[in-house]
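Everything on this sheet refers to the single structure shown next.
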Amino acid sequence: MANAYFYPLSGLGVIVPVKSIYRYPPIESPVEIEATVRKYALQNAVQYNGRATVGAVLGKVMAETPELRPRAKEIAGIAKKVIDSVNSMSLEAQKDALQSLAPELLVKETKTREAALPDLRNVAGEVRMRMAPNPSGPLHVGHSRMAILNDEYVKRYGGICYNRFEDTDPARIDPTGYDTIPEDFDWLGVTIHKTLIQSDRFEIYYDIAKQLLEKGKAYICTCKPEEWRDLKNHKKACPHREQPLNEQMLRWDKMFDGSYKPEEASLMVKTDLTHPNPAIRDFVGLRIDDTPHPRTGTKFRVYPLMNLSVAADDHLLDLTHVLRGKDHLNNTYRQEYVFDYFGWKKPEYIHYGRISLEEAQLSTSKMAKGIHEGLYSGWDDPQLGTLRALRRRGIRPESLRRYWIEVGIKEVDIEFSWKTLYSFNRDLIDDSSNRYFFVADPVRLTIEGAPKLVAKAPFHPDHPERGIRNLQVGEDRAVLVSRDDLASNPSRLRLKDLCNIEFRNGAAHYAGNDLSVLKEGVQIVHWAPVDSLQAEVMMTDGSVKKGVAERDLVNALGQVVQFERFSFVRVEQVTPTVRCVFTHK
């Protein structure tokens, strides 16, 4: 470039041709540019869970200082360095820095969007819907979808929502489920108008089954189970399918009088043996099981399977709409045969997409096994995905309701997003959650040359009326900080709400209380007085974070609070050790 001179923008490593300086109007100084970028980077990060993006930040910068537009490429380079620095900070540190640098930008730009479920098809007045839990244990987060969607529609249209315990498999029943499941519904805010228990209704199912036999729509099969399955898979009838009614009724009586052992005889409901889907061809309606039932003991040994009992109950309860996952499509097709054989009016069936859930144990049998083996402390262990565990952690039921309403009843399969649920929950708890310091793996640090130090930290930055916490540093000027915060050997740190320190010759020295150091990228860390309480946080991976927490926590028993720069937690014990349960970041 002929006749061009260069000079660096001080401290930023950007070389600018002198010609360019005369081509465009003068721009802000490098320090002013970086300060402008930094405040918008902090704002963008705070608004988007700790991650600022170059495009969004540059848009704000250029809107405020349009004279920088000709320098967009150079400014982008500056912005990337600043944003990388901002993104390396914790969300809480970003908020603190923004509060110091540009508090007016802490006001969120919110766009309220009200999600709503689509209308149900063919509604004529009130609706009648049902929950259908198996009492094998308490409800988990997957079950909450069924509960909330049914509840939302019954509340919209008016009508009845049944809770029907489907307890026709005695080996899978946990007797505590009869009590814990209604408690879970209550916590979710779900209204149950009437509860039924299928083990009280066996005579009803026997009557329906007997009528199917008499109509020629069912038969008693004494084939070995694997032989029967092989025949229907090849579209062939078992030898008992078309036998005369008198022979069918003889075997029917033998099912009840003890003549047959389990798997020696079953009642099969006829469908279409030529159906292209083998799962739809003939299905088991009743089977023999000598397992004692937790409620009825050995009173019954002939048990209905779900497709018979569910079809009977859905008719007898006069259900108008049935919500279920796509994994129940084959069951719907089977049950429709029963409706057609009796000429019953079918409910509207709505099948929503599958939800895959990661990072939480949801198998009831595996959870029960883990509890028995001591792997989990109980049904409310924070590692589990039960509603009891979420409640213990401080997850609000309203966040689950909002989540499932936004997901809706679409047929597409999706993966459950814990991140989204936590975001919804954060919106609910942030305003009510007081702030406290928690220091994990604490290290004692003496601040050389420090005057008398007292931190006055607000219980909540948005609610000065709640007062402040007075955190006193002792005469020895010692505090506790996290070992992790010292691991990178920083040259300077700011102890939140207290003072700045710098490290020289292996010691921490008092460096005043000027907040402008935050503009230079000095990291904010939390700390605790040396007389703090022993504390621990139970994490969702089964680990326990141990450390210390400030003494004011004794007044927060049962509350969800925020441990600054760590996470939201629910305080469930304050003596002799403060014990908390991890909520989310």
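The values are calculated or read from the model by the stated rules, or taken from the named source; none is laboratory data. The structure presented is a predicted model; accordingly, all values stated were derived computationally and were not measured. We place every Cβ from the backbone using ideal geometry, glycine too, and count neighbours over all the protein chains shown.
Of note:
- The test for being under 36 Å from the mean Cα position of the chain (by Cα), of a type outside the set (Gly, Ala, Ser), surrounded by fewer than 20 Cβ atoms within 10 Å (Cβ to Cβ) and at pLDDT below 95 holds for ASP327.
- Elements of type strands (runs of 3 or more DSSP E) in the stretch 418-478, at least 1 residues being in contact (Cβ under 8 Å) with a residue 24 or more places away in the chain and more than 30 Å from THR386 (Cα to Cα): 442-448, 454-458, 468-472
- The strands (runs of 3 or more DSSP E) found entirely in the stretch 518-585 include none that carry 2 or more residues being closer than 18 Å to ALA455 by Cβ and at pLDDT below 95.
- Among the candidates ILE288, ILE220, residue that is touching a Pro at 6+ places or on another chain (Cβ under 9 Å), crowded, with 18+ Cβ neighbours inside 10 Å and more than 30 Å from TRP404 (Cβ to Cβ): ILE288
- One residue alone among ASP184, ASP207 is surrounded by fewer than 21 Cβ atoms within 10 Å (Cβ to Cβ) and not β-branched (Val, Ile, Thr), and that residue is ASP207.
- Residue ID - modelled with the lowest pLDDT, chosen from residues in the stretch 351-378 that are under 29 Å from LEU557 (Cβ atoms) and more than 16 Å from the chain's Cα centre (by Cα): MET367
- Verdict on LYS232 being touching a residue at least 40 places away in the same chain (Cβ under 8 Å) and of a type in the set (Lys, Arg): yes
- Any hit, the stretch 534-545, residues being over 28 Å from the mean Cα position of the chain (by Cα) and either surrounded by fewer than 20 Cβ atoms within 10 Å (Cβ to Cβ) or of a type in the set (Val, Ile, Thr) (or both): yes
- For the stretch 474-518, taking the residues that are over 13 Å from VAL443 (Cβ atoms) and hydroxyl-bearing (Ser, Thr, Tyr), the one that is surrounded by the most Cβ atoms within 10 Å (Cβ to Cβ) is identified as TYR510.
- Residue match in the stretch 401-418 (condition: hydrophobic (A, V, I, L, M, F, W, C), touching a Ser or Thr at 6+ places or on another chain (Cβ under 8 Å), surrounded by 13 or more Cβ atoms within 10 Å (Cβ to Cβ) and in the same structural domain as ARG172 (by TED's automatic domain parsing)): yes
- Matching entry among ASP340, ASP282, ASP313 (being of a type in the set (Asp, Glu) and without any contact (Cβ under 8 Å) to a residue 24 or more places away in the chain): ASP340
- Enumeration of residues in the stretch 550-567 that are within 15 Å of VAL525 (Cβ to Cβ) and not aromatic (Phe, Trp, Tyr): GLU550, GLU564, ARG565
- In a residue-by-residue description of the stretch 177-193, the property of being in the same structural domain as THR298 (by TED's automatic domain parsing) and without any contact (Cβ under 8 Å) to a residue 24 or more places away in the chain applies to no position.
- Checking LYS419 against (1) within 16 Å of ILE148 (Cβ to Cβ); (2) at pLDDT below 95, the condition it does not meet: (1)
- Just so you know, in the stretch 131-149 the residues that are over 16 Å from the mean Cα position of the chain (by Cα) and among the polar types (S, T, N, Q) include one that is farthest from SER363 (Cα to Cα), and it is ASN134.
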